[in-house]
Amino acid sequence: MKSLFMSQDVWKIVESGYDQIEDTSTLDQDQKNLLKESRKKNVKASMYIQQGVGDTILPRVIHFPKAKEAWDILQKEYGVNNKVRELKLHSYRRDFENLKMNENECLNEFSSRVVEIVNNMLMYGEKMEERRICEKILICLPEKFEPILEVLEETKDFSTLKSQELWDSLKVYEQRLSRHSEKSIESAFQSKLNLN
């Protein structure tokens, strides 16, 4: 929501509000124009807030004439204070440290788990360097990935390697493993048929 407000140049109104002046007769033309612009931005921000909340939350914010008031209500009810933020971040850090790819898990499933945890950590304020993410991925992989890990260690500069590039390399390797496995099964079936 904050990104939307900023992109639409209404964040200042949402964050700080504005002075609602009923009697504009004492204002000069520049002040009247500024008030008119502030009212327009307030209505625009209010519309974004009302569109951005679900039907169960809408009644809590719809009756506030100022976007700042509605935003403050949402922040109070749904915002995360520092203690809660730190607790959640601690939980995600623990999840990150305990990550391990299961032997029967495919790389897509594992990458989804990793990306979800990393995104949650980033959302709660953790600074995550690509190098740290790549190192964690490499540590978590089962033994079947050893050959590609050796190749990556010899050919890639881990100080500049991006996690997406690493995932791509690993997925290509997993596809090769899968093809070899399928060929081995076909050969076994063919051998059995020849024996019969």
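The values are calculated or read from the model by the stated rules, or taken from the named source; none is laboratory data. Predicted model only: the values in this text are computed from it and were never measured. Because the Cβ atoms are built from the backbone with ideal geometry, glycine has one as well, and the counts that use them run over all protein chains shown. Each accessible area value is taken on the protein alone, full model and side chains, heavy atoms only, with ligands, DNA and RNA left out. Shrake-Rupley method; radii C 1.70, N 1.55, O 1.52, S 1.80 Å.
Legend: residues Val114, Val151, sorted from most to least accessible area (1.4 Å probe; ligands, DNA and RNA excluded), read Val151, Val114.
Taking every protein chain into account, the 1.4 Å probe leaves Tyr78 with about 120 Å² of accessible area, to the nearest ten. For Arg113, tell me the accessible area in Å² from a 1.4 Å probe, rounded to the nearest 10. Only protein atoms counted, so the area is about 80 Å². Between the entries [x] 55, 46, 25; [y] 100, 41, 32; [z] 56, 38, 28, the label attached to Cα extents along the principal axes in Å calculated for this structure is [y].
If you sort Ser112, Ser38 by accessible surface, 1.4 Å probe, largest first, the order is Ser112, Ser38. Figure note: Asp72, Asp30 ranked by solvent-accessible area, largest first, 1.4 Å probe, ligands and nucleic acids not counted: Asp30, Asp72. For the stretch 76-157, the tally of Lys pairs with Cα-Cα distances below 27 Å comes to 16, considering only residues 8 or more apart or on different chains.
Taking only the Cα atoms of the stretch 1-60, the ratio Rg/Rh comes out at 1.07, with Rh defined as the Kirkwood radius. Taking all protein chains as shown and a probe of 1.4 angstrom, Lys36 keeps an accessible surface of around 140 Å². Across the stretch 15-93, the relative contact order, built from alpha-carbon pairs under 8 Å that are at least six residues apart, equals 29 percent. Here is the list for the stretch 103-169: GluC sites (Glu not before Pro) lying in DSSP coil, each with at most 10 other C-beta atoms within 10 angstrom of its C-beta, are Glu103, Glu129.
Here's the list of lysines a cross-link from Lys44 could span, going by alpha-carbon distance under 17 Å and ignoring same-chain residues fewer than 8 apart: Lys2, Lys12, Lys36, Lys66, Lys68.
If you run the Gaussian network model on the chain, springs between alpha carbon atoms under 10 Å, then out of Asp157, Asp95, Asp19 the most flexible one is Asp19.
Give a quick list of GluC sites (Glu not before Pro) in the stretch 1-100 that DSSP marks as loop, anything other than H, G, I, E or B, with at most 14 other Cβ atoms within 10 Å. Within the stretch 1-100, the qualifying GluC sites (Glu not before Pro) (loop, at most 14 other Cβ atoms within 10 Å) are Glu22.
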